[in-house]
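Okay, so here's the structure we're looking at.
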Amino acid sequence: MNKHTPQPNNENTVLIVTANPNKESSHTYANAAVVEASVKAQGFSVVRKEAYDFPYFSADNSAFDECADLLSRVKHVVFVGPMWNYTMPGAMKNWIDSSLRAREHFYFSESGMPKGLIPNLQVHVVFTAGGPHWLYKLMPWNNQFTGLIKKIFKLCGVKKFHELSLCGRMKFTEDKQLKTFHKQIMNHKFQ
């Protein structure tokens, strides 16, 4: 592969990356299941990865080689998880740091400017947050979940980002709100 040739990202596949250590009581996996049903209904195949199933970053990140390859081939990547302390779970950040590769997804030009190599990839973020809804409305800049993902993937040349979120006290969120959120996910178009 020529290190300075952008990747086509034209495989009709959606990569879904989840991150939540609590698989039994989490909205994360219900949301991921709805995303998977939606993309399959739209004619895409799906590959799912759980960030907590991967080792933490080390000198040998060969466990992430398949994920790095997928990021060069798929049309869409969807990150699904909770917003914790205004950002993503640490395992998801570890997955991103270990899967995105210099000279494969981005490089630095002679002048030191970053050049992205996966500009055709579309990034989607689906998250829930447990704090009061008004807090997120009052201070939207505190959303480092989506903000950090945008910054990282802009380095790789990605231009299309989509966010679907349900904020509020998740423990007390009514079933009706979750159904409405899942309907919003089902209606989200992957192009």
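Taken together, the values in this text are just the output of simple stated rules run on the coordinates, not laboratory data. Since this is a predicted model, take the numbers as computed values, not measurements. For neighbour counting, all protein chains shown are included, and Cβ atoms are generated from backbone atoms with ideal geometry for every residue, glycine included.
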Hey, could you get me the Stokes-Einstein D for segment 68-114, Kirkwood radius over alpha-carbon pairs, 4 °C and 1.567 mPa s, rounded to whole µm² s⁻¹?
103
Positive end of the dipole of segment 1-112, charges at C-beta (+1 Lys, Arg; -1 Asp, Glu), about the Cα centre: which of VAL39, SER26, LEU100 has its Cα farthest in that direction?
VAL39
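As a test of the formula, what do you get for the chain when each DSSP H run with n ≥ 4 contributes -39,500 (n - 2.57) and the sum is divided by the residue count, at 222 nm and rounded to the nearest 500 deg cm²/dmol?
Mean residue ellipticity at 222 nm (helix-derived): -10500 deg cm²/dmol.
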Over all pairs of different Cα atoms in segment 39-150, the reciprocal of the mean inverse distance gives a Kirkwood radius in Å of 15.8
Go ahead and run the numbers for FRET between ALA102 and LYS183, Cβ-Cβ distance against an R0 of 30 Å, rounding to 0.05.
0.15
Candidate lysines for bridging to LYS160, where Cα separation is under 25 Å - those fewer than 8 sequence places away on the same chain excluded
LYS3, LYS40, LYS49, LYS75, LYS93, LYS115, LYS137, LYS150, LYS151, LYS183, LYS189
Charge dipole (the chain, unit charges on Cβ, about Cα centre) - positive-most of GLY112, GLN122, PRO55:
GLN122
If you wrap the chain's Cα atoms in a convex hull and average its projection over all directions, what's the area in nm²?
11.4
Could you give each residue of segment 154-164 its phi-based ³J(HN,Hα) in whole Hz, using Karplus coefficients 6.51, -1.76, 1.60 with θ = phi - 60°, and x for Gly or Pro?
5, 4, 8, x, 5, 10, 10, 10, 9, 10, 10
Placing each pseudo-label 7 Å from Cα in the direction of the beta carbon, PHE161 and ALA63 end up separated by a distance in nanometres of 2.8
Going 7 Å from the Cα of GLU24 in the Cα-to-Cβ direction, what parts of segment 82-110 have a backbone nitrogen less than 20 Å from that spot?
82
